[in-house]
Amino acid sequence: MAMQYRHFSLLLALVLSTDALAHGAPLNKEEAAAAKGIFADAQVKDRPLSDWDGVWQSVYPYAKEGSLDPVFRQKAQADKSKTFSEIKNYYLTGYASDISDMGIEKGVIEFTRNGKVSACKYDYSGYKILHYASGKKGVRYLFTCHDQKSDAPRFVQFSDHIISPRKSTHFHIFTGNVSQQALLNELENWPTFFPYQLSKEEVIDDLLHH
């Protein structure tokens, strides 16, 4: 069943590829501010899981092999308070994940973790607004798997710098089996995923200009 789902997800990715490669429609003024963590709580809206439909790849392998070093060097040049090594280690910790790729379609999320595939249908569990020490804010969208027989994570949270319905072009994901609150407390590890059909060079280019 999982492999059959994966087949349909790959087809879905091809359909969505043009939009994903174009990074979606341009952000308006409020959306651009929200992407930087500046927004009023009243602006935050519920979002369907379909906002993350598609097939996605982790950027962690690229970071581990050194392919993202140009991105980290650029960040070090922009922030003189941190060295290249400090920034690289920060992102290696943030990107770290044993999930290599994901497929999302029709309310189902399929995970490939250490070569093993698991899937579950997820129900929306609302959103949480996080207040950071920097004074900025973020939003996590929460989803829950209620299938006790599934090996997929019971709790999932998405964060993509978007606070109202809109197709995602990349995202951070938090997964676990303890509770949604436990995931909300995680601020140092934020596995990051980009469209599966993007090449390594396209991912690097996106990160350089993100």
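With 0.36 nm allotted per residue and the present C-alpha distance subtracted, the ALA35-ALA133 stretch has 33.6 nm of extension available.
Projecting label points 7 angstrom from Cα along Cα→Cβ for HIS146 and SER67 puts them 4.0 nm apart.
Near ARG73: Cβ cut-off under 14 Å, other residues only, Lys/Arg at +1 and Asp/Glu at -1. The net charge is +1. Across the range 106-118, coupling constants 3J(HN,Hα) worked out from phi with the 6.51/-1.76/1.60 Karplus curve, θ = phi - 60°, read 6, x, 10, 10, 10, 10, 10, 10, 6, x, 9, 9, 9 Hz, and Gly and Pro carry x. If R0 equals 25 Å, the separation of the Cβ atoms of ASN185 and ALA25 corresponds to a calculated FRET efficiency of about 0.15. Of the trypsin sites (Lys or Arg not before Pro) found in the range 27-71, the ones in coil according to DSSP and having at most 15 other Cβ atoms within 10 Å of their Cβ are LYS36, LYS45. Here the sum of -39500 (n - 2.57) over DSSP H runs of 4 or more residues, divided by the residues of the chain, equals -9500 deg cm²/dmol at 222 nm, to the nearest 500.
Candidates [x] 0.94; [y] 1.15; [z] 1.00; which is the computed Cα Rg over 2.2 N^0.38 Å? The value computed from this structure is option [z].
In this structure the range 52-200 gives 48 Å² per residue of accessible area when probed at 1.4 Å with all protein chains present. Magnitude of the charge dipole for the chain, about its Cα centre and with charges confined to Cβ atoms of Lys, Arg (+1) and Asp, Glu (-1), is about 360 debye. Amide H to amide H distances under 5 Å link VAL139 with LEU130, HIS161, where only residues 5 or more positions off or on other chains count and H is placed in the peptide plane.
Sorting the segments 181-191, 120-130 by their residues' average number of neighbouring beta-carbon atoms within 10 angstrom, most packed first, yields 120-130, 181-191.
Over all other residues within a Cβ to Cβ distance under 10 Å of SER168, the charged ones net out to 0, with Lys and Arg as +1 and Asp and Glu as -1.
Dipole orientation for the chain: of the candidates THR112, ASN28, ILE99, ASN28 has the Cα lying most toward the positive pole (charges on Cβ; Lys, Arg +1; Asp, Glu -1). Residues in the range 177-185 carry Karplus couplings, in order, of 10, 7, 5, 5, 4, 4, 5, 5, 7 Hz; the curve used is 6.51 cos²θ - 1.76 cosθ + 1.60 with θ = phi - 60°, and Gly or Pro positions show x. Here the simple spin-label model places points 7 Å from the Cα toward Cβ, and for GLU201 and SER100 these points are separated by 2.4 nm. Backbone geometry of the range 192-205 corresponds, through the Karplus equation with coefficients 6.51, -1.76 and 1.60 at θ = phi - 60°, to 3J(HN,Hα) couplings of 10, 10, 10, x, 4, 7, 6, 6, 4, 5, 5, 5, 4, 4 Hz, x marking Gly and Pro. Tell me the carbon and sulfur percent of the accessible area for the range 50-209, rounded to whole percent, probe radius 1.4 Å. The C+S portion of the solvent-accessible surface of the range 50-209 is 49 percent.
Taking Lys and Arg as +1 and Asp and Glu as -1, the other residues whose beta-carbon sits under 12 Å from that of LYS82 total +2.
The values are calculated or read from the model by the stated rules, or taken from the named source; none is laboratory data. Owing to the predicted nature of the structure, the values given are computational and were not obtained by experimental measurement. FYI the Cβ positions are ideal-geometry reconstructions off the backbone, even for glycines, and counts take in every protein chain you see. Each accessible area value is taken on the protein alone, full model and side chains, heavy atoms only, with ligands, DNA and RNA left out. Shrake-Rupley method; radii C 1.70, N 1.55, O 1.52, S 1.80 Å.
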